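First comes the structure, then the notes that go with it.
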Amino acid sequence: MVQVWNPNGKYRVVSTKPMPGTRWINLLIEQDCRVEICTRQKTILSVEDIIALIGDKCDGVIGQLTEDWGETLFSALSRAGGKAFSNMAVGYNNVDVKAANKYGVAVGNTPGVLTETTAELAASLSLSAARRIVEADEFMRAGLYDGWLPNLFVGNLLKGQTVGVIGAGRIGSAYARMMVEGFKMNLIYYDLYQATRLEKFVTAYAEFLKANGEQPVTWKRAASMDEVLREADVISLHPILDKTTYHLVNKERLAIMKKEAILVNCSRGPVIDEVALVEHLKQNPMFRVGLDVFEDEPYMKPGLADLKNAVVVPHIASASKWTREGMATLAALNVLGKIKGYPVWSDPNRIEPFLNENVPPPAASPSIVNSKALGLPVSKL
Ligand SMILES: NC(=O)c1ccc[n+]([C@@H]2O[C@H](COP(=O)([O-])OP(=O)(O)OC[C@H]3O[C@@H](n4cnc5c(N)ncnc54)[C@H](O)[C@@H]3O)[C@@H](O)[C@H]2O)c1
């Protein structure tokens, strides 16, 4: 149930799951790590399972977003001499960073490498919902198609409609650019911070369209989230999950959205009150959703699976080969960097140097979320 690489390595690094590619393993082995990969056929490991994997001596762990990294695990890792943990994910709502700080454990995440892949899935769900792709596919396979009809699976045209983005960070901005450029949608967004680069992009694209005699696209930074919900035709959620975004979309907020709106969630399940969503979908058959994440993963709230106006996929937003291999590499290098005492990379959004397979990666941890709290040195590069 545990696969061991380089048994005589000086540092013991545990990965709670097999991860795509081999570069991450090779990079650890080259730096004298013994790599142990848990190959148990159990999808979600419990805290007890992980304590057993950590054992008596462990220098670092690469873990997954399905695991509960809190006081118990960080104290176990610390007792085993470990000083490094990395999530193989950009979000780290499964990690109690305060507990990690208490035990001096660095917490890594994997930003940047999944931005475009995740945004592409959000775009796919937007299109699938708008054009009723899954319903139409089921209809076809069921042998129900007996000829073209003017009213068959009529959906929404995106061009000229308004796309709303809640949380215009890395992924939200990438998604916004795809929808604006690809489908000539107007943009309205809500974020705590101004998305200056995104605004500049839309302005420049509008100029380009105008110069070509086309209707220019527009953008607006909304003063409140409700403004986005009221005005947009397609709304995609991309904030982090924390106390402020839990059930951000609830019964009241669903009620202010357009009856034929499309809602997409590729952030984290609890950002939507899923029970309220199921009720809303039942009451409003023209309202459609595309969901990658769920409140009680791996489960769906009762009724959701029966609804034709919901497209549901199993948390695959970051699932492209390049991205998943890159995430594994970044997670391994986060752990390695702390073990070797390397500094932390100065800009976690500029991770390309770590992903170039033709050259050795920089001697730094790509992204440590509690580097300030732990007073870790920052790379000069
Ligand atoms: N489904 C998946 O497989 C998948 C893949 C990657 C990321 N994610 C999720 O997407 C999230 C975003 O990733 P990112 O790389 O774009 O992160 P990011 O930090 O670049 O962007 C998050 C944005 O949300 C904004 N925000 C925070 N609180 C908010 C609030 N209350 N209202 C509105 N905006 C708010 C922040 O200001 C920031 O701009 C991750 O935290 C993760 O949970 C999911």
Provide a single number: the residues in the stretch 113-140 that are within 10 Å of the ligand (Cβ to nearest atom), of a type in the set (A, V, I, L, M, F, W, C) and in a helix (DSSP H, G or I). 3
Picking from ASP273, ASP296, ASP292, the residue that is of a type in the set (Asp, Glu), under 19 Å from the mean Cα position of the chain (by Cα) and within 13 Å of LEU125 (Cα to Cα) would be ASP292
Can you name every residue in the stretch 1-29 that is under 26 Å from SER320 (Cβ atoms) and not aliphatic (A, V, I, L, M)? GLN3, TRP5, SER15, THR16, LYS17, PRO18, PRO20, GLY21, THR22, ARG23, TRP24, ASN26
With the first residue restricted to the stretch 158-171 and required to be under 18 Å from GLY112 (Cα atoms), and the second required to be in a strand (DSSP E or B), Cβ contacts under 8 Å at 6 or more apart or on different chains are GLY167/TYR190; GLY167/LEU237; ALA168/TYR189; ALA168/TYR190
Can you tell me which residue within the stretch 1-55, out of those that are surrounded by fewer than 16 Cβ atoms within 10 Å (Cβ to Cβ) and small (Gly, Ala, Ser), is nearest to the chain's Cα centre (by Cα)? SER46
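Quick one: would you say ALA89 is within 14 Å of the ligand (Cβ to nearest atom), crowded, with 24+ Cβ neighbours inside 10 Å and under 15 Å from the mean Cα position of the chain (by Cα)?
Details: within 14 Å of the ligand (Cβ to nearest atom): yes; crowded, with 24+ Cβ neighbours inside 10 Å: no; under 15 Å from the mean Cα position of the chain (by Cα): yes.
Taking the combined requirement at face value, the residue does not satisfy it.
Looking only at the stretch 301-320, filter to residues that are of a type outside the set (Val, Ile, Thr) and under 24 Å from ASN94 (Cβ atoms); which one of those is surrounded by the fewest Cβ atoms within 10 Å (Cβ to Cβ)? Can you show your working first?
Applying the first criterion (of a type outside the set (Val, Ile, Thr)) to the stretch 301-320 yields 301-310, 314-315, 317-320.
Now drop any that are not under 24 Å from ASN94 (Cβ atoms), which leaves 301, 304, 314-315, 317-320.
Working: LYS301: 18, LEU304: 20, PRO314: 11, HIS315: 18, ALA317: 22, SER318: 22, ALA319: 16, SER320: 18.
Among those that are of a type outside the set (Val, Ile, Thr) and under 24 Å from ASN94 (Cβ atoms), it is PRO314.
Which of the residues that make up the stretch 160-184 are within 16 Å of the ligand (Cβ to nearest atom), part of a helix (DSSP H, G or I) and either among the aromatic types (Phe, Trp, Tyr) or under 15 Å from the mean Cα position of the chain (by Cα) (or both)?
Initially, the stretch 160-184 is screened for residues within 16 Å of the ligand (Cβ to nearest atom), giving 163-179.
Still in the list and also part of a helix (DSSP H, G or I): 170-179.
Listed by number, the residues that qualify are ARG170, ILE171, GLY172, SER173, ALA174, TYR175.
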Go over the candidates LEU187, LEU192, LEU144, LEU152 one by one and state the one that is within 16 Å of the ligand (Cβ to nearest atom) and without any contact (Cβ under 8 Å) to a residue 24 or more places away in the chain. LEU192
I want to confirm something. Restricting to the stretch 329-349 and keeping residues that are among the hydrophobic types (A, V, I, L, M, F, W, C) and in contact with a Pro (Cβ under 6 Å, 6 or more places away or on another chain), which single residue is nearest to the ligand (Cβ to nearest atom)? LEU330
Hey, can you tell me all the residues within the stretch 241-271 that are under 22 Å from VAL90 (Cα atoms) and out of contact with any helix residue (DSSP H, G or I) (no Cβ under 9 Å at 6 or more places or on another chain)? ASP242, LYS243, THR244, ARG268, GLY269, PRO270, VAL271
Can you confirm whether the stretch 107-122 contains a residue that is farther than 30 Å from GLY155 by Cα and surrounded by fewer than 20 Cβ atoms within 10 Å (Cβ to Cβ)? no
Do you know which residues across the stretch 339-363 are surrounded by 12 or more Cβ atoms within 10 Å (Cβ to Cβ) and within 16 Å of VAL105 (Cα to Cα)? ILE339, LYS340, TYR342, PRO343, VAL344
Give, as residue ranges, the strands (runs of 3 or more DSSP E) completely inside the stretch 221-300 that count at least 1 residues that are among the charged types (D, E, K, R), away from the ligand (no atom under 12 Å from the Cβ) and buried (at least 18 other Cβ atoms within 10 Å of the Cβ). 288-291
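The numbers here are math on the coordinates, done by the rules we state, and not lab data. Note that the structure is a prediction, hence the values are computed from the model and not measured. All Cβ positions, even for glycine, are placed from backbone atoms using ideal geometry, and neighbour counts span all protein chains on display.
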